[in-house]
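The next block holds one structure in the form of structure tokens; read it before the comments.
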Amino acid sequence: LRLEGRAGSRLAKDPPIDQLTLGEARLQLHLEKHASAAELKFVTTTDFLYDSQGDTSGVDLQRGTGLIDLRQAYIGMKPVDAIALRLGRQITTWGTGDLLFINHLFPKEWQTFLLGRHVEYLKAPSDAARVDISAGKVSDNVVFSPQFDPDRFITGERLVYFNGTTLQDAGTPLDTDIPDELFSDMEVAGRLRAAVSSFEVALYGYNGFWKSPMGFDPMSSRATFPALTVLGGSLRGPILGTLLSLEGGYYSSNDDSDGTDPFVPNSEIRGLIGLERAFGAVFTMSVQGYLERLESYDDYLASQPATAAVRDENRVVVTARTSFDWSREQLRASVFMFYSPTDEDAYLRQTIHWGIGRFTAIDLGANLFFGRNNTTFFGQHQKNANVYGALRFTL
């Protein structure tokens, strides 16, 4: 059981945008029941939410809005030692990036993340069947979703965003066309992982759709989710006392293989390198370099209208995290910075967690955005800069 109250405020006073970004009370109930036969277990995690800034008129389990957000509801079992099955609503995660995702093609909750909810809510649930097969140092994981589970993307109801043409103030909802035909609009993700010496090596595959609305239908004037296939790999392990992470992926935009359709995103190559090192028991520092390279860039430029805000061929992002963990005082602090030299924008995320006694904790934080233009990835959120605080009680 966890009970939490959380409030947040926008730093900029810019009517008619609401100054209050968060004002909510949340009760989370986690239930887990085990049976001895085939290591059977039943797991549910349900959030009951009062959100003064959100839509409480109904329950939308896909978007996570309303009075109830069902985070998990699955049956797990191990019919044999080498095979584990999980069926139902679940949260899946893999990949090596720290708040940068290449082969993690499972739903993420971007609006929640930028508003200042707990980082655990960045990973959203999907309705899926998962099979895990292990044999010594090799394992294979397959996740099948019979119906597309998109990101809980920025809808424009609470955050200012750039829609490809203009900056949309909060309160301007994004109209989307989400693929929702059962089995016709399915997703499959897989990972093959092996331990090689002290390193973990993995290969990934995904077939489905862009997780956020990256396309546009000019006939209906609705944002769309074009078809997507991703192949990638990663390597992670220690070198000279430092944890090294390498990851890459090829994003094949199946609805526009030649890159000439202005309403469908081009294929991309994505890659990252990360280094993390602990200095004593208290201080940890990590850095990452991330690249998105657009394919068929000349065709992309030729397809764009003259008034469009065009992308660079290469988008580079550098991140740095500094973390302090005073375990004895139950105090943790973290500063995470994203900086893009190509977009000339940045995002600074600061968090403090202070445990008061055994059951109670206080969270404080800020989301700050900077940019030369409001058309870039982080620059579009400058009016969304906010501070927040939370009181949590856990049993």
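The values are calculated or read from the model by the stated rules, or taken from the named source; none is laboratory data. Since this is a predicted model, take the numbers as computed values, not measurements. Positions of Cβ are generated from backbone atoms using ideal geometry, with glycine treated the same way; all protein chains shown enter the neighbour counts. Accessible surface areas use protein heavy atoms only, side chains included; no ligands, DNA or RNA. Shrake-Rupley method; radii C 1.70, N 1.55, O 1.52, S 1.80 Å.
Data for the structure
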| read-out | value |
| --- | --- |
| Neighbour net charge for G355 - beta-carbon separation under 11 angstrom, K R +1, D E -1 | +2 |
| Proximal charge balance of F279 [Cβ under 14 Å; K/R count +1, D/E count -1] | 0 |
| Most mobile of I239, I269, I352 in a GNM of the chain (Cα contacts under 10 Å) | I239 |
| The chain, accessible surface, carbon-and-sulfur percent (1.4 angstrom probe) | 61 percent |
| Spin-label pair A194/A278, simplified geometry with 7 Å Cα→Cβ offset, distance in nm | 3.0 nm |
| Cα centroid separation - segment 88-151 against segment 304-338, whole Å | 20 Å |
| Gaussian network model of the chain, springs between alpha carbon atoms under 10 Å - residue of H30, H104, H381 with greatest fluctuation | H30 |
| Computed over segment 253-361, the ratio Rg/Rh where both radii use C-alpha atoms and Rh is Kirkwood | 1.20 |
| Estimated vicinal HN-Hα couplings, Hz - segment 269-278 in sequence order (Karplus 6.51, -1.76, 1.60; Gly, Pro = x) | 10, 10, x, 8, 10, x, 10, 9, 8, 9 |
| With 5 Å bins from 0: P(r) over segment 1-72, alpha-carbon pairs, percent | 4, 14, 18, 17, 15, 11, 8, 5, 3, 2, 1, 1 |
| Estimated vicinal HN-Hα couplings, Hz - segment 201-214 in sequence order (Karplus 6.51, -1.76, 1.60; Gly, Pro = x) | 10, 9, 10, 10, x, 8, 9, x, 9, 4, 6, 10, x, 8 |
| Using θ = phi - 60° and Karplus 6.51 cos²θ - 1.76 cosθ + 1.60, couplings along segment 286-299 (whole Hz; Gly, Pro as x) | 9, 9, 9, x, 10, 10, 10, 10, 7, 8, 6, 5, 4, 5 |
| Gap separating the Cα centres of segment 222-245 and segment 1-31, nearest whole Å | 31 Å |
| Cut-off under 5 Å, modelled amide H: who pairs with D151 long-range | K108, S212 |
| Computed lengthening from Y50 to E344, 0.36 nm per intervening residue step minus Cα-Cα distance | 102.1 nm |
| Cross-link pairs K123/K211; K33/K137; K33/K78; K108/K383; K13/K383; K108/K211 - those with Cα-Cα distance over 20 Å | K33/K137; K108/K383 |
| Other-chain or far-sequence residues with amide H under 5 Å of D343's (modelled H) | V316 |
| Per DSSP, loop trypsin sites (Lys or Arg not before Pro) in segment 327-395 with at most 10 further Cβ within 10 Å | R358, R372 |
| Solvent exposure of segment 238-395 as accessible area per residue, Å², 1.4 Å probe | 52 Å² |
| Net +/- balance of residues flanking L235 in space, Cβ distance below 10 Å, scoring K and R +1, D and E -1 | -1 |
| Residues I83 and D255, FRET efficiency given R0 of 56 Å [Cβ-Cβ distance, rounded to 0.05] | 0.95 |
| Max mean-square fluctuation residue, GNM over the chain, Cα-Cα springs under 10 Å, options P218, P226, P238 | P218 |
| Where the Cα pairs of segment 192-332 fall when distances are cut into 10 Å bins, in % | 11, 29, 27, 19, 12, 3, 0 |
| For L67, distant residues with modelled amide H under 5 Å away | G58 |
